[in-house]
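Participant: If you scroll down you'll find the structure; I have some questions about it.
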Amino acid sequence: MDQIRPFPPTEFIDQAEEEEAIRLAPAVDLKEWVLKNFLTIGGALHNPDHDHIAELLHDDETFLAFAWASSAAVAKKRMVLGQCEKVMFNQGGWKKARQEQQMRDWFGFVPVYLITIDASFCEQSSDANFCALIEHELYHIGVERDEDGEIIYSDHTGLPKHYLAGHDVEEFYGVVRRWGASENVKRLVEIANNPPFVSDLDISKCCGNCVIN
């Protein structure tokens with residue numbers, strides 16, 4: 001990798017433990033690391049699947065930001081270690097102004113997408129698990145494509161059109177056990193039976209994008 005992976009500030013986690021509350025903070029160094037390693041051609045972890053994100057960030061740094069959360073969130077009795085969200089604000093009174101101000105105070109701008117990562121998990125996780133979590137959240141930033149698979153560009157901006165993407169495969173074990181695998185599940189099994197491109201991986205994680213929403 002281009003450099004040692006970023007770790008969350010120790011004092012940030014310590015303060016959260018003292019207050020017995022979840023704290024959040026901007027992760028500017030994490031964004032820079034992701035840019036160098038995942039989103040730059042020639043980067044150690046470069047994946048062309050994310051080139052549409054890199055293309056937009058090249059023209060507009062406000063497209064994506066990262067934040068640390070001091071610990072995992074709990075949603076539907078599951079631990080959430082990472083979440084990618086399209087930034088939207090509550091209307092009414094000063095809610096929108098307050099939330100926009102928080103983003104500007106953190107990053108200097110209001111991002112289009114925000115990826116939040118559990119700092120306590122990343123503090124002790126392996127490099128492979130950390131990278132898998134980061135890439136999982138990047139995949140939630142989808143790009144619209146036409147019937148030929150070509151990226152659709154905005155007539156107004158000339159840039160790729162993005163959306164918040166769901167998982168490629170979502171199914172219950174019981175359905176597959178009783179009724180067999182769908183084409184998407186079969187495709188996932190086929191891919192899983194081949195050696196991974198990056199490394200062997202055993203990760204236990206939960207994606208907030210799907211659990212919370």
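The values are calculated or read from the model by the stated rules, or taken from the named source; none is laboratory data. Worth saying up front: this structure is predicted, and the values here are computed from it rather than measured. So basically every Cβ, Gly included, is an ideal-geometry build from the backbone, and we count neighbours across all protein chains shown.
Participant: If we keep just the residues of the stretch 55-83 that are of a type in the set (A, V, I, L, M) and surrounded by fewer than 19 Cβ atoms within 10 Å (Cβ to Cβ), which is nearest to K36 (Cα to Cα)?
Facilitator: In the first step, residues of the stretch 55-83 are kept if they are of a type in the set (A, V, I, L, M); the result is 56-57, 64-65, 67, 69, 72-75, 79-81.
From what's left, surrounded by fewer than 19 Cβ atoms within 10 Å (Cβ to Cβ): 57, 73-75, 79.
Working: L57: 12, A73: 28, V74: 31, A75: 32, M79: 29 Å.
Applying the filter and picking the extreme gives L57.
Participant: Enumerate the pairs (first residue in the stretch 77-88 and in contact (Cβ under 8 Å) with a residue 40 or more places away in the chain; second residue anywhere and in a strand (DSSP E or B) and surrounded by fewer than 15 Cβ atoms within 10 Å (Cβ to Cβ)) with beta-carbon separation below 6 Å, excluding pairs fewer than 6 apart on the same chain, so at least 6 apart or on different chains.
Facilitator: Every condition considered, the pairs that remain are K86/L164.
Participant: Continuing with the same structure: Take the residues in the stretch 22-54 that are small (G, A, S) and within 15 Å of the chain's Cα centre (by Cα), then tell me which one is surrounded by the fewest Cβ atoms within 10 Å (Cβ to Cβ). Spell out the reasoning first.
Facilitator: So in the stretch 22-54, the residues small (G, A, S) come out as 25, 27, 42-44, 54.
Keeping just the survivors that are within 15 Å of the chain's Cα centre (by Cα) gives 27, 54.
Details: A27: 26, A54: 19.
Top of the filtered list is A54.
Participant: While we're here: Look at E19 and say whether it is closer than 29 Å to P160 by Cα, charged (D, E, K, R) and either surrounded by 15 or more Cβ atoms within 10 Å (Cβ to Cβ) or out of contact with any His (no Cβ under 6 Å at 6 or more places or on another chain) (or both). Let's see the steps before the verdict.
Facilitator: On the way: closer than 29 Å to P160 by Cα: no; charged (D, E, K, R): yes; either surrounded by 15 or more Cβ atoms within 10 Å (Cβ to Cβ) or out of contact with any His (no Cβ under 6 Å at 6 or more places or on another chain) (or both): yes.
It is false that E19 is closer than 29 Å to P160 by Cα, charged (D, E, K, R) and either surrounded by 15 or more Cβ atoms within 10 Å (Cβ to Cβ) or out of contact with any His (no Cβ under 6 Å at 6 or more places or on another chain) (or both).
Participant: For P111, only one of the following conditions fails: (1) under 23 Å from D29 (Cα atoms); (2) touching a residue at least 40 places away in the same chain (Cβ under 8 Å); (3) not in a loop (DSSP other than H, G, I, E, B). What is its number?
Facilitator: The failed condition is (3).
Participant: Between residues in the stretch 51-74 that are without any contact (Cβ under 8 Å) to a residue 40 or more places away in the chain and residues that are outside any helix (DSSP H, G or I) and not aliphatic (A, V, I, L, M), which pairs lie under 8 Å by C-beta distance while being six or more apart or on different chains?
Facilitator: Correct list of pairs: A54/T40.
Participant: Of the residues E17, E100, E32, which is out of contact with any helix residue (DSSP H, G or I) (no Cβ under 7 Å at 6 or more places or on another chain), part of a helix (DSSP H, G or I) and modelled with pLDDT under 90? Can you show your working first?
Facilitator: Values: E100 fails: modelled with pLDDT under 90; E32 fails: modelled with pLDDT under 90.
On inspection, the qualifying residue turns out to be E17.
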